[in-house]
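The values are calculated or read from the model by the stated rules, or taken from the named source; none is laboratory data. The shown structure was predicted, so the numbers you read here are calculated from the model rather than taken from an experiment. Virtual Cβ from ideal backbone geometry, glycine too; neighbours counted across all protein chains shown.
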Amino acid sequence: MKNRHTAGVIIYIKDIKIEGNIYTRSEYTRGRISDALNSNKKKFLAVTDAKVSDCATSKELDVKDVMFVNKNHILYVKPKSQSNEQ
């Protein structure tokens, strides 16, 4: 099994925001988030420790240990470390 790294991300899908962690693999340069998103091997992105919130109200809608997000519905992704949000 290949080494896995995690990266903290904020994913925006239409009217919701998902905060959590995604797996990146060490075969990619520094386990880049963009490589995980651009990989055509998988249609869904596994998000662990996922917190789902409404973008307009910031109200927390759901919390899951793991959630699978269809990459075709993602509007944009920000690394948590570069985000100004709490």
Next on the checklist: Looking only at residues that are in a loop (DSSP other than H, G, I, E, B) and among the polar types (S, T, N, Q) in the range 31-86, which one is modelled with the lowest pLDDT?
Outcome noted: Gln86
Checklist entry - Within the set of pairs 6+ apart or on separate chains, which have a first residue in the range 50-68 that is within 12 Å of Gly20 (Cα to Cα), a second that is loosely packed, with under 11 Cβ neighbours inside 10 Å and of a type outside the set (Gly, Ala, Ser), and C-beta atoms under 7 Å apart? => result Ser53/Lys59
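Out of the residues in the range 34-76 meeting the condition of being β-branched (Val, Ile, Thr) and farther than 19 Å from Thr24 by Cα, tell me which one is surrounded by the fewest Cβ atoms within 10 Å (Cβ to Cβ). Reasoning before the result, please.
The first filter runs over the range 34-76 and keeps only residues β-branched (Val, Ile, Thr), leaving 47-48, 52, 57, 63, 66, 69, 74.
Remaining after also requiring farther than 19 Å from Thr24 by Cα: 52, 57, 63.
Working: Val52: 19, Thr57: 9, Val63: 13.
For the range 34-76, the residue satisfying everything is Thr57.
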